[in-house]
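Engineer: Following this message is one structure expressed as structure tokens.
The values are calculated or read from the model by the stated rules, or taken from the named source; none is laboratory data. This is a predicted model, so every value here is computed, not measured. Backbone-built Cβ (ideal geometry, glycine too); neighbour counts: all protein chains shown. What goes into the accessible areas is simple: the full protein's heavy atoms, side chains included, and nothing from ligands, DNA or RNA. Shrake-Rupley method; radii C 1.70, N 1.55, O 1.52, S 1.80 Å.
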Amino acid sequence: MGFADDHLVPLVDDGLGNSAYLVDLGDGRALAVDVSRDLRTVRAESERRGLAIAFAADTHLHADFLTGALQLAADDGATVLASTAGRRAFRHRGLADGDEVDLGGLTLRALATPGHTDEHLSFLLLDGARELGVFSGGSLIVGSAARTDLLGADRAEELARAQYRSLHRLARLPDETAVWPTHGAGSFCSAPQGAERTTTIGAEKRSNDLLAAPDEDSFVRQLLGGLGSYPAYFDRLAEVNRRGPEVLAAAPSLPGLSASDVRQLLGTGAQIVDVRPVEDFAAGHIPGALSVHLRDQFAVWLGWLLPEHTPLAFVTAPGQDLAELTWQALKIGYDRLHGHLAMDAWTADGGEQESVEFVAADGVGDRPVLDVRRQSERDAGHIPDAVGIELGALPTRTDEAPRSPVVHCTRGERAMTAASILQRKGHPNVAVLKGDPMDWSRATDRPLSNST
């Protein structure tokens, strides 16, 4: 049994594609690394192990979630560890390259590894002189390195060159050193995405294509060539994390609303977000509602499609997890959550509703098709002549969508979100494909097109 087997607990957020870590320091205290504002799993694991969280370390100013370090400082008295270069506007222990923190038997050493961000640190965990592992954040990740364009396209190459140097610095650690990244499969910070969550230095030296790049220029071309789009809210959360997220005084709740409450909220500019399964939304929904099915990726699409200060009210189905809904919104900075109601309550009060048609794979015919998948998905195979507009870009490009389209993605959730956006913009007769492009290909006996 190694150190990680006994003392390190990865806490995976499947929706964001990230891992936080809880480290049992062996004396009843713990270190938490890169935890989000949603501390439910961190608290459950620390309580299960009888640990008090004494340190909360952030490898960088996160763009994809609000840090939970400040909440741990307020609630648990944890010492926040973070880069001095990050200029955080709240109390923390600032660290620079080579600085060490005595964890009570173990040592945490800061390594400057810029690239994903300017102020990025990796944290090397030491037992005496032995390197146990490195919390690499958004520097070296499984099979790749995190993206370098979050500070603007004009700085992407500069930061990619810094990322090259950072990866090669980490690669000089002993081969057996564990690598514990924050970003992984499913994260929009990864470029490209891998399957595993943790690795070792030796494994990355053998299999990471970026580390195998023959020179810095080749590395930069390869890294930047793998970058796709990312959620709009990434552009603002790093600064919120620098200032420090608001500390929550109590566990949040989502109150029930009446139809009258919802009408009043709509009059003040609120947005209705319908989180029910797509079949429920298609059958009937409040006009103007945005369909974002409550699932692991809920926060990503909420943050991509709506301004952060929008007042929100939700339409929910019986049995949906209101705490999960609330925390997913809160962890990306959406705090104006007014409550929820059932669709039955709306219609019982005389509320109007709209519907969306489902079209079978063999029923598309000559109707125009709108593909709202990411470009990388479209490149792998798409319905011929389909118009491609990524879902994240659709709110500002609805005028480019074909009239009365059949919208599709892979499983239907993104397509229904797109249909709701088009309906809200006045597009008539919007339908959603029941299936994916392969279903269409099989049903019509026609091949897909690709972009290669």
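Engineer: Which one of D13, D38, D102 is open to solvent by 20 Å² or more (accessible area, probe 1.4 Å), more than 26 Å from the chain's Cα centre (by Cα) and of a type in the set (D, E)? Spell out how you get there, then give the answer.
Structural biologist: Numbers: D13 fails: more than 26 Å from the chain's Cα centre (by Cα); D38 fails: more than 26 Å from the chain's Cα centre (by Cα).
The match here is D102.
Engineer: Farther than 22 Å from V142 by Cβ, among the acidic types (D, E), in contact with a Phe, Trp or Tyr (Cβ under 8 Å, 6 or more places away or on another chain) and touching a residue at least 12 places away in the same chain (Cβ under 8 Å) - does that describe any residue in segment 22-43?
Structural biologist: Yes, that holds for at least one residue.
Engineer: Find the strands (runs of 3 or more DSSP E) located wholly in segment 57-126 whose residues include 2 or more that are free of Cβ contacts under 8 Å to residues at least 60 places away in the same chain, touching a Ser or Thr at 6+ places or on another chain (Cβ under 8 Å) and not acidic (D, E), and list them.
Structural biologist: 93-95, 107-112
Engineer: Name the pairs: first residue in segment 221-244 and on the phi > 0 side of the Ramachandran plot, second residue in a helix (DSSP H, G or I) and open to solvent by less than 40 Å² (accessible area, probe 1.4 Å), Cβ to Cβ under 6 Å, at least 6 apart or on different chains?
Structural biologist: The qualifying pairs are G244/L70.
Engineer: If I filter segment 58-81 down to residues being among the polar types (S, T, N, Q) and out of contact with any helix residue (DSSP H, G or I) (no Cβ under 8 Å at 6 or more places or on another chain), which single residue comes out as least open to solvent (accessible area, probe 1.4 Å)?
Structural biologist: T59
Engineer: Among the helices (runs of 4 or more DSSP H) lying completely within segment 215-330, list those that include at least 1 residues that are open to solvent by 30 Å² or more (accessible area, probe 1.4 Å) and basic (K, R).
Structural biologist: Helices (runs of 4 or more DSSP H) meeting the threshold: 216-225, 234-243, 259-267.
Engineer: What's the number of the condition W180 fails, among (1) surrounded by fewer than 19 Cβ atoms within 10 Å (Cβ to Cβ); (2) in contact (Cβ under 8 Å) with a residue 24 or more places away in the chain; (3) not acidic (D, E)?
Structural biologist: Every condition holds for W180 apart from (1).
Engineer: Any residue in segment 197-217 that's touching a residue at least 12 places away in the same chain (Cβ under 8 Å): show its pairings with residues that are in a helix (DSSP H, G or I) and among the hydroxyl-bearing types (S, T, Y) at Cβ separation under 7 Å, as long as the two are six or more apart or on different chains.
Structural biologist: What qualifies is E216/Y164.
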